[in-house]
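Engineer: Here it is, the structure in full.
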Amino acid sequence: MIDDFKKSLYIGGKWLKGESCIANTNPSDIKDTIGEFAQASSKQVQQAIDCANLAQPAWENTSLEQRQKILHSIGDEMIERCDELGTLLSREEGKVFAEGRGEIYRAGQFFHYYAAEILRQIGDIANSVRPNVAVEVTREAVGVVAIISPWNFPTATAVWKIAPALAFGNSVIWKPANLTPASAVALTEIIHKKGVPQGVFNLLLGSGNTVGDALINSPKIDAVSFTGSVDTGRKIAVATAANFVKCQLEMGSKNSLVIADDADINIAVESTVIGAYSGTGQKCTASSKLVVMSAIYDKFIDALLKKIQTIKVGHALDKNSSIGPVVDEKQLMSNLDWVDKAKKEGAELIFGGKKLSLEHDGYYMEPTLFINTKNEWSINQEEVFAPLACVIKVDDFEEAIKVVNDTRFGLSAGIITKSLKYSTIFKQKIQTGCVMVNLPTAGTDYHVPFGGRKESSFGPREQGQYAKEFYTIVKTSYQKSF
Ligand code: NAD
């Protein structure tokens, strides 16, 4: 466990205090303060940028096996300590322990996967169009990568950037969200112990407007990888373009799950509950739009309502809880405003919609379900990021496809069906980066690409071998033989 929370900046291989501190509170129990965490000064941001620039060339030239061993051992420790670190993550973020533990375990798997990728150093060789000239196409590190991550998957989203960045020989400056600093310090402690050279990995805690802004506007950063909201992503795209800095943005979404007329009702209900309510609905891949074909509508809504009644909202570390609180008071207030807005738009509330007062004072909200909603309403067009789903009834499959695609987002979409025709056409016509058949819209693998379309993503894909498009730069060398 972390001993000294005040030492929460890690710059040039040293733990440092910041210029101020912020308190980190448990959203399941606001009387539980997890710790005070440092905020970096602008001088410390520049210090980290200088350290990362200085350290990067030697890291890129470190032997492949040494880099592989370091990354693999970071993964080992995360997996060995997933109960303890999962508890910490759940305590500060509010997702239930099974999800907190699962996130740490998954982060360990990312380190293992990219450790193996380090040894896959395969380039291309070609004959030139000119006689006696050979061409080599190789990849090199981009340089210094700034990683800016959100609070909802505080460890996993960061690690699926940190692991490939380090694997391909880059140095890293990580700015996590201010709501989840403890998990960031815990991961940094592991990275520190495993022999990553000084300056190759740096942790800066602080707000987006100060630390984040300084990073994205720095000409001494070579690439910025970001996960978070569309508004912040847009700012990052503009700032990095001004300095021709490479950027990769994974942003919000509004994901649909279609319940086709031939759906297996148990799979439909199970996938809806996992997609819409797990993680307290605070997932970029959450199924917040349920597009239900009229022939199965009554049967599905009856079964779903029965299942929602069994969802137990409670303290994230209570083993009986199915979902925890939302992350903070601001998020809770925003969710309740959305409930009012949806009612005003004409939506019919059939479950939940209210704040819950439980044994511990926390930011608890009932799982919420609206029916009789229209796709053009703002409740179905904006990302709400709450345990809240809206049902849109459609006449047929063609209308379902139109409703799914009628959005400015494009991260994930799913269909529950037994029909090969429906599933095949769905995979072809849907304008999202991830498509799920008979699965929840949330829940992806680590060895294959992840990302979206439209306003959900910008730049190269993350994860799997596709990550090298962002974390490396291609060099084409020509050599004439005499
Ligand atoms: P956010 O945009 O408020 O913050 C994300 C990160 O950006 C934080 O570290 C924050 O401090 C930083 N930031 C804020 N303003 C900044 C600025 N001006 N310059 C630089 N950095 C700045 O998002 P959030 O509330 O932390 O996370 C929720 C959002 O993340 C949702 O929209 C969700 O859909 C999205 N998300 C997307 C994915 C994905 O893979 N597509 C995954 C998880 C979360």
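Engineer: Using Stokes-Einstein with the Kirkwood hydrodynamic radius over Cα pairs, what translational diffusion coefficient do you get for segment 256-437 at 20 °C and a viscosity of 1.002 mPa s, in µm²/s rounded to a whole number?
Structural biologist: 130 µm²/s
Engineer: Right, here's the next one. When the solvent-accessible surface of protein heavy atoms is calculated with a 1.4 angstrom probe, in what order do L179, L204 fall, highest first?
Structural biologist: L179, L204
Engineer: Something else about it: Send over a whole-number figure in Å² for the accessible area per residue of segment 256-437, probe 1.4 Å.
Structural biologist: 41 Å²
Engineer: What angle do you read, to the nearest 10 degrees and between 0 and 90, between the alpha-carbon axis of helix 265-277 and the longest principal axis of the chain?
Structural biologist: 60 degrees
Engineer: Moving to a separate point now. Over the heavy atoms of I267, what accessible area does a 1.4 Å probe trace out, to the nearest 10 Å²?
Structural biologist: Accessible area, nearest 10 Å²: 60 Å².
Engineer: So how do T285, T138 rank on accessible area, 1.4 Å probe, biggest first, that is with the largest at the start?
Structural biologist: Largest accessible area first, the list is T138, T285.
Engineer: What angle, in degrees between 0 and 90 and rounded to the nearest 10, separates the Cα long axis of helix 297-308 from the longest principal axis of the Cα atoms of the chain?
Structural biologist: 70 degrees
Engineer: State the volume of the convex hull built on the alpha-carbon positions of segment 1-151, expressed per residue in Å³ and rounded to an integer.
Structural biologist: Taking only Cα atoms, segment 1-151 has a hull volume of 160 Å³ per residue.
Engineer: In addition: Percent of alpha carbon pairs in segment 360-482 separated by more than 17 Å?
Structural biologist: Cα-Cα pairs of segment 360-482 separated by over 17 Å account for 69 percent.
Engineer: In deg cm²/dmol and to the nearest 500, what is the mean residue ellipticity at 222 nm of the chain if only DSSP H runs of at least 4 residues count, each as -39500 (n - 2.57), divided by the residue total?
Structural biologist: -11500 deg cm²/dmol, from helical runs alone.
Engineer: Provide the gained length on full extension for the span T476 to V129, in nm with one decimal, where the gain is 0.36 nm per separating residue minus the Cα-Cα distance.
Structural biologist: 123.5 nm
Engineer: Sticking with this one: Rounded to the nearest 5, what % of DSSP beta bridges with both residues in segment 256-437 are antiparallel?
Structural biologist: In segment 256-437, DSSP labels about 20 percent of beta bridges as antiparallel.
Engineer: Using a 1.4 Å probe and ignoring any ligands, DNA or RNA, find the accessible area of R101 and quote it in Å² to the nearest 10.
Structural biologist: Accessible surface of R101 is approximately 90 Å².
Engineer: Have a look at the DSSP beta bridges in the chain and tell me what percent are antiparallel, nearest 5.
Structural biologist: 45 percent
Engineer: Still on this structure, I have one more. So what does E469 come to for accessible area, using a 1.4 Å probe and Å² rounded to 10?
Structural biologist: 90 Å²
Engineer: If you don't mind, there's one more thing I want to ask. Going by alpha carbons, how many degrees (0 to 90, nearest 10) lie between the helix axis of 42-60 and the longest principal axis of the chain?
Structural biologist: 70 degrees
Engineer: So, R0 is 45 Å and r is the distance between the beta-carbons of K220 and Q66; what FRET efficiency does that work out to, to 0.05?
Structural biologist: Once the sixth-power term is evaluated, E becomes 0.95.
Engineer: Please list the non-local residues whose amide H lies under 5 Å from the amide H of F351, H modeled 1.01 Å from N, same-chain partners needing a gap of 5 or more.
Structural biologist: Those lying under 5 Å, H to H, from F351 are L369.
Engineer: Which sequence of W338, W15, W59 reflects their accessible areas, 1.4 Å probe, from the largest down?
Structural biologist: Reading off the accessible areas and sorting them downward yields W15, W338, W59.
Engineer: Could you give me the percent of Cα pairs per 10 Å distance bin for segment 97-147, shortest bin first, beginning at zero and ending with the bin that holds the maximum distance?
Structural biologist: Histogram of Cα-Cα distances, whole percents per bin: 18, 26, 26, 17, 9, 4, 0.
Engineer: So which lysines can K193 reach, going by Cα to Cα under 28 Å and dropping same-chain residues fewer than 8 places off?
Structural biologist: Partners found: K6, K7, K14, K17, K43, K69, K95, K161, K175, K220, K468.
Engineer: Would you mind computing, in nm to one decimal, how far apart the modelled labels at D302 and Q431 are, each placed 7 Å from Cα along Cα→Cβ?
Structural biologist: The answer from the label model is 3.8 nm.
Engineer: Could you please state how large a percent of the accessible area of segment 256-437 is carbon and sulfur, counting protein chains only and using a 1.4 Å probe?
Structural biologist: Carbon-and-sulfur percentage of accessible area, whole number: 49.
Engineer: Taking H as built 1.01 Å from N, whose amide H comes closer than 5 Å to the amide H of I34, not counting residues under 5 places away?
Structural biologist: N24, T25, N26
Engineer: Follow-up question, since we're still on this one. Kirkwood Rh, Cα Rg: Rg to Rh for the chain?
Structural biologist: Rounded to two decimals, Rg over Rh is 1.00.
Engineer: Would you kindly calculate the mean projected area, averaged across all directions, of the convex hull enclosing the Cα atoms of segment 351-407, in square nanometres?
Structural biologist: 4.6 nm²
The values are calculated or read from the model by the stated rules, or taken from the named source; none is laboratory data. As the structure is a computational prediction, the values presented were derived from the model and not from experiment. All Cβ positions, glycine included, derive from the backbone under ideal geometry; neighbour counts span all protein chains shown. In case anyone asks, the SASA skips ligands and DNA or RNA and just uses the protein heavy atoms, side chains included. Shrake-Rupley method; radii C 1.70, N 1.55, O 1.52, S 1.80 Å.
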